[in-house]
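Heads up: the structure comes next, in structure tokens.
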Amino acid sequence: MAANGTTTNTTQRKSAQRTTKTTTSRTDAQRIREGLNKVRDGSVSYARQTAERSVDVPVGVVLTVADRVNEVVEPFTKRETAERELKSFRTQVERELNKLERRGATSRRKARTRARQTRNRVRRQVKQRRRRFETTVKQNRAQVEKGLKQAQTTVQERVSTLV
């Protein structure tokens with residue numbers, strides 16, 4: 001049978017299956033251990049990062065504040081730089097005041113123009129309404145006078161026919 005090779009093949013297959021099963025089960029166990037190690041290392045790493053961050057943030061804040069205070073105080077350490085800085089502040093304040101003044105003047109001029117335009121519009125409207133009213137009154141008066149004259153003539157004619 002060995003010459004034919006079928007027995008060797010079957011035996012080899014069975015032993016290969018056994019070794020595969022043991023290797024697979026070992027590999028699974030190794031994978032599980034590796035996963036547990038990763039989880040443990042990950043949580044340790046996360047805790048370490050959180051701790052570092054809780055220390056780094058306040059230290060960074062203190063350093064930033066120190067830099068800014070130094071930037072503010074530095075120009076005033078020497079007389080020349082302090083005078084230069086004060087002159088710069090004065091210039092900036094004057095510039096801002098000029099901007100505010102121009103803006104206020106512009107607003108005042110626009111308000112005065114709007115008030116003048118409104119006043120003129122109201123005057124025109126009042127003038128037009130007065131003209132219309134006067135015209136209407138004149139027309140009505142003329143009609144009433146005409147009607148009165150006609151009535152007067154009619155009454156005079158009737159009286160003269162009666163007398």
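The values are calculated or read from the model by the stated rules, or taken from the named source; none is laboratory data. Just so it is clear, the structure is predicted and the values come from calculations on it, not from any experiment. All Cβ positions, even for glycine, are placed from backbone atoms using ideal geometry, and neighbour counts span all protein chains on display.
Quick test of your reading of the structure: V55 fulfils all but one of (1) hydrophobic (A, V, I, L, M, F, W, C); (2) at pLDDT 75 or above; (3) touching a helix residue (DSSP H, G or I) at 6+ places or on another chain (Cβ under 6 Å). Name the failing condition by number.
(3)
Looking at the range 109-124, is at least one residue out of contact with any Leu (no Cβ under 9 Å at 6 or more places or on another chain) and exposed (fewer than 10 other Cβ atoms within 10 Å of the Cβ)?
no
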